[in-house]
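The next block holds one structure in the form of structure tokens; read it before the comments.
Where a number appears in this text, it was derived from the coordinates with a stated rule and is not lab data. Note that the structure is predicted; figures quoted are calculated from it, not measured. Using ideal geometry, Cβ is built from the backbone for each residue, glycine included, and neighbour counts are taken over all protein chains shown.
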Amino acid sequence: MKMKIKIKLFEELLATKPDNPDVFADYVASKHPDGHPAKDELENAENVEQRGTSVFHRQEDCPGIYDYQIKGFFKDACSSMNRFDKEFRDGMDKLSAYKSKIDGCIFVFPRFIPIMVPEGGQISLCERPLIADTAQGRRVSVARSEAVPPESTLECEVEWFAKELGRWIQLWLDYGKLRGLGQWRNSGKGRFTWGQLDG
């Protein structure tokens, strides 16, 4: 089963890729099954002028996200919605081992999902403080990320191989209007609406 979807942001979406190529390469390698990330996952990491800024993946200068970020959103949505009252879960709490089921039964295409910035829109920078209470006391730092504006869109195809997942995929996508994609989503960044495309 599959469906084509269009995601439309109504809050800006923040980038997630560290612009420092060594930090990014080491992190991706640590998460990759064989320790050797694909070339397309690392491309353009060395072509960023600002240091300490999260940036978007790019192909032919077009910003975008990778398929695994949509699957990660599904896991986050399922985990959060399982804490809802029973009438809002639609039996989702009976989905055992949901992380491995999402990993093994749901697939997102294409691999690189371009973000279409609306005409007149542009990528900006979002800065915000990060506060952490540590054993040495409170630490404050500043995080900075590229951000695409509201009204930006993404199109992809979601395919799944367990019938039960269909209704929940739609519920998870609906959850995007409450908690979105990308960094700082607890503050409302990256929230979106979605619709099904023909074909």
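Secondary structure note: in the range 48-199, about 90% of the DSSP beta bridges are antiparallel. Given R0 = 25 Å, the distance between the Cβ atoms of residue 96 and residue 4 translates into a calculated FRET efficiency of 0.30.
Go ahead and run the numbers for FRET between residue 68 and residue 139, Cβ-Cβ distance against an R0 of 25 Å, rounding to 0.05. After rounding to 0.05, the efficiency reads 0.25. On a straight-distance basis, which lysines could pair with residue 94 in a cross-link, Cα separation under 27 angstrom, same-chain partners fewer than 8 positions away excluded? Of all the lysines, those that pass the test against residue 94 - Cα under 27 Å, at least 8 places apart if same chain - are 2, 4, 71, 75, 86, 163, 177.
Quick one: dipole size for the range 66-199, taken about the Cα centre, charges +1 on Lys/Arg Cβ and -1 on Asp/Glu Cβ, in debye to the nearest 20. The partial results should precede the final answer.
Numbers: 20 positive and 18 negative charges, 137 e Å.
Dipole about the Cα centre, nearest 20: 660 debye.
A cut-off of 5 Å between modelled amide H atoms, ignoring neighbours fewer than 5 places along the same chain, links residue 115 with 64, 65. Placing unit charges on the Cβ atoms of the charged side chains and taking the dipole of the range 47-151 about its Cα centre, the candidate lying farthest along the positive direction among 64, 147, 53 is 53.
Of the trypsin sites (Lys or Arg not before Pro) found in the range 115-199, those that fall in a DSSP loop while having at most 14 other beta-carbon atoms within 10 Å are 163, 177.
For GluC sites (Glu not before Pro), the sites in the range 45-141 that DSSP calls loop and that have at most 11 other Cβ atoms within 10 Å are 49, 60, 119.
Full extension of the chain segment joining residue 167 with residue 82 gains 29.1 nm, where the gain is 0.36 nm per residue of separation less the Cα-Cα distance.
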